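What follows is a single structure, written as structure tokens, with notes after it.
The values are calculated or read from the model by the stated rules, or taken from the named source; none is laboratory data. The structure displayed is predicted, hence computed values, not measured ones. Positions of Cβ are generated from backbone atoms using ideal geometry, with glycine treated the same way; all protein chains shown enter the neighbour counts. When the accessible area is computed, the model is the full protein with side chains, heavy atoms only, and any ligands, DNA or RNA have been set aside. Shrake-Rupley method; radii C 1.70, N 1.55, O 1.52, S 1.80 Å.
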Amino acid sequence: GLASRLQGVFGKLKGKGKVSDEDVAEAMREVRLALLEADVNFKVVKQFISSVKEKAVGQDVMKSFTPGMVIIDIVNKELTELMGGTQSKLARANRPPTVIMMAGLQGAGKTTTSGKLAKLLQKGNHKPLLVACDIYRPAAIKQLQVLGSQIGAPVFSMGDQASPVDIARAALEEAKANNNDYVIIDTAGRLHIDEALMEELRQVHAVAKPDEVLLVIDAMTGQDAVNVAESFHSQLELSGVVLTKLDGDTRGGAALSVKAVTGCPIKFAAMGEKIDSLEPFHPDRMASRILGMGDMLSLIEKAQTNIDAEKAAEMERKMRNAEFTFEDFLEQMAQVRKMGPLDQLLEMVPGMNKMKGLKDMKVDERQINRVEAIVKSMTTEEKNKPDLLNHSRRKRIAAGSGQTVADVNRLIKQFDDMRKMMKQFSTMMDGQKGKKGAK
Ligand code: GDP
Ligand code: MG
């Protein structure tokens, strides 16, 4: 999938202290391939890559202590932008009712989504009226009625003999009479776009004058979703898109391309067959989901505000070369302290929470103070060459810091463990995680 692929790419970058122009170019090639494989429209991919490159150059990625993270950050922001940037709200009529017309191919999820949307509106204290304008599919009216009774929303229908245009017209009257502030018109779909369907939708549109025309798209259809969106948009001015079946094993390409190609924002995402599985679409969350990053971004933000980049790079180099000393250990503690509880930080790193033993690693303030006392009782030489710490030196340090020899021993053991863990951590960041194939 796209996530594991990108993680693989960035894993390689993360492992590097310095990243060259060629590294970035290679990463971009991989991103490009990954997006194409995820069924993202090729024009969108091209545009995407060039804007990421532009931003990467502008931000002086090379100077950063974690170039991979900076690039992930840029990619994530661009993905978010590509999907509309901020959340796009449902339109609202100046004078009720607000009319919402659903459109889309057969099986996309129009009827189900109509019911879900009604439920969502009810939660906001609205009184939606569902309108059954699909007179062709035998069970369509019944399906909408079942959904309506499930959530206690009225369903307007005139059977399958009346024309969709007449049904829409009468439904608006009904809504006004009953003070329904939203009207949701469920329409028919075909397996393929055809002229007869479009003509009918245009007629319903002309009568209902919807404030919102939502194209319902099955996220599983990938590249095809873009073609569908394009042709619906050219025939019937769409105001938004609903992506359904995001609970499935979708490759995410549809979400990425639809907004970029049609200019129509994705307003809702459906993640299941249940009536309450419709959510407002959040571009930033979708981007994170596509990248499979967990809360990586908040971690990046924390790191950027609190860690001195030059110092951290030096630290990383030392750890790699096993030159990490007690002096550095203290420095590290101080940095971590500025960022907040270590266990919380580690939880934000994808994959970290799976690392053995990490869950039990709790950092408490008193512990840090004790550590500080012990380290400060060491001579500079001892701090820089931990191997010097034989038994008599440990005894002296214990006495000087007011701790027991056992405490000192424990700290030295912890220090060694930390060095080992850091090594493990950087190996993992080198791309091990990508290979295991995150979803
Ligand atoms: P319509 O022909 O566009 O009205 O599509 P329907 O609303 O009848 O939905 C077609 C099928 O897709 C039904 O079996 C729905 O239960 C299913 N469906 C709709 N939305 C979702 C969704 O978000 N996730 C899943 N898993 N199934 C969905
Ligand atoms: Mg239907």
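With the cut-off at 31 Å, tell me which of the pairs K395/K420; K46/K123; K55/K116 have Cα atoms farther apart than that.
Numbers: K395/K420 25 Å; K46/K123 41 Å; K55/K116 39 Å.
Where the Cα-Cα span goes over 31 Å, the pairs concerned are K46/K123; K55/K116.
Leaving ligands and nucleic acids out of the surface, order L214, L388, L82, L191 by accessible area at 1.4 Å, largest first.
Details: L214 0, L388 55, L82 30, L191 120 Å².
Reading off the accessible areas and sorting them downward yields L191, L388, L82, L214.
Among 103-109, 197-203, 282-288, 241-247, the peptide with the highest mean count of other Cβ atoms within 10 Å heads the list, and the full ranking is 241-247, 103-109, 282-288, 197-203.
For segment 132-173, with all protein chains present and a 1.4 Å probe, just round the carbon and sulfur fraction of the accessible area to a whole percent. Kindly include the intermediate steps, with their values, before the conclusion.
Working: 1140 of 2160 Å².
Within segment 132-173, the accessible surface is 53 percent carbon and sulfur.
Phi angles of segment 380-390 translate, via the Karplus equation with coefficients 6.51, -1.76, 1.60 and θ = phi - 60°, into HN-Hα couplings of 4, 4, 5, 4, 7, 10, x, 5, 5, 6, 7 Hz per residue; Gly and Pro are given as x. Looking at the square roots a ≥ b ≥ c of the eigenvalues of the Cα gyration tensor of segment 132-185, which shape do they give, rounded for a/c under 1.5, prolate if a/b is larger than b/c, or oblate? Oblate.
For the pair T379 and D194, label points projected 7 Å from Cα toward Cβ lie 9.3 nm apart.
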